[in-house]
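Colleague: Structure in structure tokens, see below.
The values are calculated or read from the model by the stated rules, or taken from the named source; none is laboratory data. On a predicted model such as this, the values are computed, not experimentally measured, just so you know. Reconstructed Cβ throughout: ideal geometry from the backbone, glycine too, with neighbour counts over all protein chains shown. Heads up: the accessible areas ignore ligands, DNA and RNA and are worked out on the full protein's heavy atoms, side chains in. Shrake-Rupley method; radii C 1.70, N 1.55, O 1.52, S 1.80 Å.
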Amino acid sequence: LRLDMKTNYDVVIIGGGAQGLSLAYNLASRGLTDVAVLDRSYPGSGASGRNGEMIRSAFASTEWIRFFDAGLRIWETLSRELRFNLMFNRRGYLILATTPEELAVCRSGLELHKSFGLKTFSLDEQEIRKLVPALNPDMIRGGIMQPDAGFARHDALVWAYGQAARRLGVDIFSYTEVTGIQIKNGEVKSITTSKGEVETPTVVNAAGGQAGYIAEMVGVRLPSGTYCLEMIVTEPLKPFLTPALASLNILGYMHQSTRGELSGGADLEKFEPTKSLKSTCLLTRDMARKFVRLFPDLAGVRLMRQWGGLVDMTADIAPVLGAVPGIKGFIMDCGWVYGFMGAPAGGKFLAHYILSGEMPTEIAPFGFERFRTGKLVHDHSLLLKS
């Protein structure tokens, strides 16, 4: 375990969340071990430890399906690969529709799913009532199920990637803030940190909710805003929800853990930008009302905790992956909202790009240039409004 930073590294990754640690592990597993991961707090202290933990690939666009289904295949064997139990629970993922319009949205992607080999299928009202009897019948019009999707533990993913990266020789430094990035003749040369200067030809911006601040150090303005998404966790309850569930009507998502807690969140139609992690009464009441509307028996159930997590959300809610034109060696790995489920694939494909210079098909649509060309990657099945 290295206690002091070296004065130079081949790659420096800013951000010790799931994205940064996944990338570090994937680089090291392919032979590039001279890598440092820097976090201004501790690994997993940002959105990687404050998310809904749900995993699927049943989206509505070619770009999202191609990327996230590649990720789902990695999730299937990731515990064995990292030698750490991620508690990936494949109890299925139900997308619930309450109105005819929502049902049309759900079913509109089924043919596209089929073309990618996804195992999704449509469910009618009676089938959903049988699958989840606790649901309010008035909230059920139909939906689709992805049986091989599910959820895992967010903290386990951070620990697993961190330990695996360390075993391969990656240096990970907590409480190390980056205060400057030096560019000369259009190339990254070094960074300034709270622990000294470090020379490096490659810097990766995996700073989550602080990604915009890091980008500004090299004169780049990210086309995104920082928002706080909140979640709640109930007291342990008898099992009533087998699959992970997303409701288009309440913009909500949830799953029940093996210990019985219901964990999830419900988003507003419109968010105001903020960098505060403080939980709010507004969101608590909104989530409670929506969850009780969905599951009437939750009325009166006690909340154990609530938290907020910062995301740097782009106009199309898709991540920003790859190089920034005009600045050699400055790589984006940010703009994540569905970042927990996307971390395994993001780290794998971005590592390939950094090592080979070849852009994998799976992440090619998510480059920085799309904001200049106008080729945004919209997916109408998302639970957030862009």
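Colleague: Name every residue in region 353-382 that is assigned to a helix (DSSP H, G or I) and modelled with pLDDT of 95 or more, in order of residue number.
Modeller: Residues satisfying the conditions are Tyr353, Ile354, Leu355, Ser356, Ala364, Pro365, Phe366, Arg370.
Colleague: Related question: Run down Leu1, Leu72 and say which single residue is modelled with pLDDT of 95 or more and either aliphatic (A, V, I, L, M) or within 22 Å of the chain's Cα centre (by Cα) (or both).
Modeller: One residue alone meets the criteria, Leu72.
Colleague: I've got another one for you. Got at least one residue in region 270-277 being without any contact (Cβ under 8 Å) to a residue 60 or more places away in the chain, surrounded by fewer than 21 Cβ atoms within 10 Å (Cβ to Cβ), part of a helix (DSSP H, G or I) and not β-branched (Val, Ile, Thr)?
Modeller: For region 270-277, residues without any contact (Cβ under 8 Å) to a residue 60 or more places away in the chain, surrounded by fewer than 21 Cβ atoms within 10 Å (Cβ to Cβ), part of a helix (DSSP H, G or I) and not β-branched (Val, Ile, Thr): absent.
Colleague: Also: Does region 28-47 hold any residues that are in contact with a Leu (Cβ under 7 Å, 6 or more places away or on another chain) and open to solvent by less than 30 Å² (accessible area, probe 1.4 Å), and which are they?
Modeller: Ala28, Val35, Val37
Colleague: Report the residue count in region 281-308 for those that are open to solvent by 50 Å² or more (accessible area, probe 1.4 Å), in a loop (DSSP other than H, G, I, E, B) and either among the hydrophobic types (A, V, I, L, M, F, W, C) or on the phi < 0 side of the Ramachandran plot (or both).
Modeller: Number satisfying all stated conditions: 2.
Colleague: For Asp124, all conditions in the list (1) under 17 Å from Ser247 (Cβ atoms); (2) touching a Leu at 6+ places or on another chain (Cβ under 9 Å) hold save one; what is the number of the exception?
Modeller: Here Asp124 clears every test but (2).
Colleague: Pairs, please: C-beta under 9 Å, at least 6 apart or cross-chain, first residue without any contact (Cβ under 8 Å) to a residue 60 or more places away in the chain and in region 52-73, second of a type in the set (Asp, Glu)?
Modeller: Ile65/Asp379
Colleague: In addition: Between Gln163, Gln210, which is outside any strand (DSSP E or B), of a type in the set (S, T, N, Q), open to solvent by less than 70 Å² (accessible area, probe 1.4 Å) and out of contact with any Cys (no Cβ under 7 Å at 6 or more places or on another chain)?
Modeller: Gln210
Colleague: Among the listed residues Thr192, Thr226, which satisfies the condition of being outside any loop (DSSP other than H, G, I, E, B), open to solvent by 10 Å² or more (accessible area, probe 1.4 Å) and farther than 25 Å from Tyr338 by Cα?
Modeller: Of the residues listed, the single one that is outside any loop (DSSP other than H, G, I, E, B), open to solvent by 10 Å² or more (accessible area, probe 1.4 Å) and farther than 25 Å from Tyr338 by Cα is Thr192.
Colleague: Next question. Being in contact with a strand residue (DSSP E or B) (Cβ under 8 Å, 6 or more places away or on another chain) and either over 18 Å from Leu96 (Cβ atoms) or part of a loop (DSSP other than H, G, I, E, B) (or both) is the filter here; which residues of region 243-264 pass it?
Modeller: Once the filter is applied, which keeps residues that are in contact with a strand residue (DSSP E or B) (Cβ under 8 Å, 6 or more places away or on another chain) and either over 18 Å from Leu96 (Cβ atoms) or part of a loop (DSSP other than H, G, I, E, B) (or both), region 243-264 yields Pro243, Leu248, Asn249, Ile250, Leu251, Ser257, Thr258, Glu261.
Colleague: To continue, here is another question. Restricting to region 117-137, what's the tally of residues that are in a helix (DSSP H, G or I) and open to solvent by 30 Å² or more (accessible area, probe 1.4 Å)?
Modeller: So the answer is 7.
Colleague: Now a separate question. Let me spell it out: the conditions are (1) open to solvent by less than 40 Å² (accessible area, probe 1.4 Å); (2) of a type in the set (A, V, I, L, M, F, W, C); (3) closer than 24 Å to Thr62 by Cβ; (4) in contact (Cβ under 8 Å) with a residue 60 or more places away in the chain, and Val105 meets all of them except one. Which number is the exception?
Modeller: (1)
Colleague: Continuing with the same structure: Tell me the residue from Val220, Val233 that is in contact (Cβ under 8 Å) with a residue 24 or more places away in the chain, open to solvent by 10 Å² or more (accessible area, probe 1.4 Å) and among the β-branched types (Val, Ile, Thr), please.
Modeller: So the residue among Val220, Val233 that is in contact (Cβ under 8 Å) with a residue 24 or more places away in the chain, open to solvent by 10 Å² or more (accessible area, probe 1.4 Å) and among the β-branched types (Val, Ile, Thr) is Val220.
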